[in-house]
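Engineer: One structure, pasted below without further comment.
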Amino acid sequence: MISLSELTQLFVADGWLNALLQGAVVTLQISAGAFVLGLGIGLLVAMIKLKGPRWLVRLANLYTTLYRAVPELLLILLLYYAGTDLLNMAMAAMGRDSVTVNGFIAAVLVLGIVQGAYSAEIIRGAIQAIPVGQLEAARAFGIERWLLVRRVLLPCMLPFAMAGLSNLWLVLVKDSALISIVGYSELLSVGKQAAGSTKHYLVFYLAVAAVYFIITLVSNGAFRVFERRINRWMPQH
């Protein structure tokens, strides 16, 4: 068993606690950016599936099917390396030098594109759960399309989507650890570095698990507060 003084030496004196906290901040930044991007993509794809032309609907179905069928790790590798190669090919075609893709931006883009497929289905189901009469009443008042989406569709959809979106956020926080495979440092990769450097594998992996658990508890509390606020306007049975 490791003593308290040894733990203090590892986490405080050696600076690994600060490194883990910095890794947690990076994980949250990547997750938040990808979550927002995924919501934007998901909303667009969901609207296309519900009201788009047939050829766009087919493309949207292909996107959601493909990205939900292929493992996230493989998608991350394909999008990161293939995307970098395509970008540099385009730069070469324009007679410009090759570029190095920023790891943070690449992580947000890759995870956001992957999560967009899942959020599209959550949002589509939530929109279909809205009572038809509410939308018909809005149209009867002559509300134009984008105002209807912003003032009626999205607020009415949120209560039905909250459970799925909260789960999607927690899955995304864990999936952010996969980004370490392309060389970007976040919480889990910092934990691996600490464990490899000190040989205290159990200590640091348990510390990483504890940080993820704390993030989950705080996230659950935040979603519960938000859900209570938006459910105030829902009919009470």
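The values are calculated or read from the model by the stated rules, or taken from the named source; none is laboratory data. Small disclaimer: the values here were computed from a predicted structure and weren't measured. No Cβ is skipped: glycine too gets one built from the backbone with ideal geometry, and neighbour counts run over all protein chains shown.
Engineer: Return yes or no: is V45 surrounded by 12 or more Cβ atoms within 10 Å (Cβ to Cβ), farther than 27 Å from G125 by Cβ and among the β-branched types (V, I, T)?
Structural biologist: no
Engineer: When you look at G125, is it under 17 Å from the mean Cα position of the chain (by Cα), within 24 Å of F226 (Cβ to Cβ) and in a helix (DSSP H, G or I), yes or no?
Structural biologist: no
Engineer: Limited to region 135-146, what total is found for residues that are surrounded by fewer than 12 Cβ atoms within 10 Å (Cβ to Cβ) and of a type outside the set (D, E)?
Structural biologist: Of the residues in region 135-146, 5 are surrounded by fewer than 12 Cβ atoms within 10 Å (Cβ to Cβ) and of a type outside the set (D, E).
Engineer: Same structure, new question: Only residues that are part of a helix (DSSP H, G or I), modelled with pLDDT under 80, of a type outside the set (F, W, Y) and closer than 16 Å to Y184 by Cβ: list them for region 80-105, please.
Structural biologist: Hits for region 80-105 are G83, T84, G103.
Engineer: Which helices (runs of 4 or more DSSP H) sit wholly inside region 1-73 and have at least 3 residues that are within 23 Å of the chain's Cα centre (by Cα)?
Structural biologist: 16-51, 54-69
Engineer: Within region 171-183, does at least one residue satisfy the condition of being in contact with a helix residue (DSSP H, G or I) (Cβ under 6 Å, 6 or more places away or on another chain) and at pLDDT 90 or above?
Structural biologist: Checked region 171-183: at least one residue is in contact with a helix residue (DSSP H, G or I) (Cβ under 6 Å, 6 or more places away or on another chain) and at pLDDT 90 or above.
Engineer: Turning to a different aspect of this structure: Looking for whichever is assigned to a helix (DSSP H, G or I) and surrounded by 16 or more Cβ atoms within 10 Å (Cβ to Cβ) here; the options are A195, A163. Which one fits?
Structural biologist: It is A195.
Engineer: Right, something else. Would you confirm whether any residue within region 129-137 is farther than 30 Å from G52 by Cα, of a type in the set (D, E) and more than 19 Å from the chain's Cα centre (by Cα)?
Structural biologist: Looking for residues that are farther than 30 Å from G52 by Cα, of a type in the set (D, E) and more than 19 Å from the chain's Cα centre (by Cα), one finds none in region 129-137, hence no.
Engineer: Is it the case that region 105-114 has a residue that's out of contact with any His (no Cβ under 7 Å at 6 or more places or on another chain) and without any contact (Cβ under 8 Å) to a residue 12 or more places away in the chain?
Structural biologist: Checking region 105-114: at least one residue is out of contact with any His (no Cβ under 7 Å at 6 or more places or on another chain) and without any contact (Cβ under 8 Å) to a residue 12 or more places away in the chain.
Engineer: Now for a different question. Pick out the one residue from A126, A60 that is more than 30 Å from A24 (Cα to Cα), touching a Pro at 6+ places or on another chain (Cβ under 9 Å) and surrounded by 13 or more Cβ atoms within 10 Å (Cβ to Cβ).
Structural biologist: The conditions single out A126.
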